[in-house]
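Rule-based calculations on the coordinates, nothing more; no lab input. A quick note: this is a predicted structure, and the numbers were derived from the prediction, not measured. Note that we place each Cβ from the backbone using ideal geometry, even for glycine, and neighbour counts take in every protein chain shown.
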């Protein structure tokens, strides 16, 4: 037996499918056991809440807390959800992709866009779902956040295990990673309480304040 035969076999390396999604291989679901995806650093990352018609009708709106490396913080959310903001530094309600905070609502207010080409300026972003006070029960089959970054990169985050009534959900974080921006599933629910600003609670819990 020669020296090569006596060497110990190399350990197998487990690759998480969500981290290494092949182009055109279809959507990847981020779960508790595979919670992270590399988004790449080009184009626009979009979060959409689905099914959009049912969730919008139930008073559910998307939003995003922003913290950039220069220490500035802000919140991007529909103007109708402005009450109780104590997070925004210079961020305007609907944001901008061409100027700080490089995060913006779509024109119809149903999705949040992030300029991935500016990802080197982000310390962290928190995508969330805000449920209007007195809204219908959020729970139901098929509720999810869908993240897209071009035609062949899609990640699904099922919004399951919602309390009744729900007030808000921290959906996912976007943070710097060794291979570029990383999307990390959170799905942390907050039970509805009267006159509570969930943006303030989220900012406290995720250190945006």
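Which length gain, in nm to one decimal place, applies between residue 120 and residue 184 when the Cα-Cα distance is subtracted from 0.36 nm times their residue separation?
Working it through step by step, the gained length comes to 21.4 nm.
Kindly state, to the nearest 0.05, the FRET efficiency for residue 152 paired with residue 98, given R0 = 22 Å and r defined as their beta-carbon distance.
Efficiency computed from Cβ-Cβ geometry: 0.30.
Gain in length, residue 200 to residue 42, computed as 0.36 nm per residue apart minus the alpha-carbon separation, to one decimal in nm?
53.8 nm
Under the classification rounded if a/c is under 1.5, otherwise prolate if a/b is larger than b/c and oblate if not, where does segment 26-76 fall, given a ≥ b ≥ c as square roots of the Cα gyration tensor eigenvalues?
oblate
At R0 = 25 Å, how high is the FRET efficiency between residue 160 and residue 132 if r is their beta carbon distance? Nearest 0.05 is fine.
Efficiency at R0 = 25 Å is approximately 0.75.
Once you have a ≥ b ≥ c as the square roots of the Cα gyration tensor eigenvalues for segment 151-209, tell me rounded if a/c is under 1.5, and otherwise prolate or oblate according to whether a/b is larger than b/c.
Cα axes put segment 151-209 in the oblate bin.
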